[in-house]
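Engineer: Submitted below is the structure of interest, expressed as structure tokens.
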Amino acid sequence: MPYENSDTIAKVPAVTLGFWIIKIIATTLGETGGDAVSMTLNWGYALSSALFIGLFVVAVAAQIAAKRFHPFLYWAVIIATTTAGTTMADFADRSLGIGYPGGALILFGCLMASLGVWYWQAGSISVETVASPRIEMFYWTAILFSQTLGTALGDWMADTNGLGYERGALVFAIGLIAVAVAYFFTEISRTLLFWAAFILTRPLGATVGDFLDKPLANGGLAFGRFYASAILAALIVGLIVLLPQRAGRHPATVSET
């Protein structure tokens, strides 16, 4: 199926090293920010999820209505997905009582379903084809599910499997390194590798976020959720300003994968 609106400029950033650096920090902010509202402010997972989903809807609407790529707007939506993903995963895992394995399995199914519908409707799930409102809706739905899945995986690894935050982060970092090696030295689909890396950065951020704000007795640095969130937010703003931010390639120049 040909890409629709091929004369429209993509409104998502080119996938560069800078993209992944900001993405990892944004997912870490999502963990500390989401926990700050649900736990520190004691809003609970359900009310916090409702808040962050509302912010996500507003941010996505602004992103879709935009006529061109705006770095701060794009990353605001990413942060909205990762904070919503944090509280939604915690709600599924803890409030609904289905546990980390059950929550991760359900979320994995939701992600695969969203990607499947996207591919069925558009003929590709490559982020380089995100250049129309309809494809943007598929893109952001998949992003939200991937962030939520990543949170569940990170908490499952750190809390349940006894690895702790440092070793949990190491496991996901090794996974990302394996994806990078596959990117440079194999012919595996770049689209598949992108989504694998996108999912893995979220649990990496979740474990790093927990490491920053958990008490020293629990193996963390005890920064405090609001303090850690403020530091991470300032770092993201600085990186957006300093690192090159440009829109992805024109969809007409991308072959389907």
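Every number in this text was worked out from the coordinates using simple rules, so none of it is lab data. Being a predicted model, the structure only gives us computed values, none of them experimental. Backbone-built Cβ (ideal geometry, glycine too); neighbour counts: all protein chains shown.
Engineer: Would you work out the charge dipole size for the chain about its Cα centre, treating the Cβ of every Lys and Arg as +1 and the Cβ of every Asp and Glu as -1, and quote it to the nearest 20 debye?
Structural biologist: Dipole of the chain, to the nearest 20 debye: 440 debye.
Engineer: Per DSSP H run of n ≥ 4, the term is -39500 (n - 2.57); total these for the chain, divide by its residue number, and report the mean residue ellipticity at 222 nm rounded to 500 deg cm²/dmol.
Structural biologist: Calculated from helices alone, the mean residue ellipticity at 222 nm is -23000 deg cm²/dmol.
Engineer: For the stretch 17-248, take the convex hull of the Cα atoms, compute a quarter of its surface area, and give me that in nm², please.
Structural biologist: Numbers: hull surface 48.7 nm².
Answer in nm², one decimal: 12.2.
Engineer: Under a cut-off of 19 Å between alpha-carbon atoms, report the lysines in cross-link reach of Lys67, not counting same-chain residues fewer than 8 places apart.
Structural biologist: Lys11
Engineer: Another question, then. Quote the relative contact order of the stretch 17-248 in percent (integer), defining contacts as alpha-carbon pairs under 8 Å separated by 6+ residues.
Structural biologist: 28 percent
Engineer: Moving on to the next point. Run the numbers on the stretch 1-153 and let me know its relative contact order in percent, using alpha-carbon pairs under 8 Å that are six or more apart.
Structural biologist: Relative contact order here is 34 percent.
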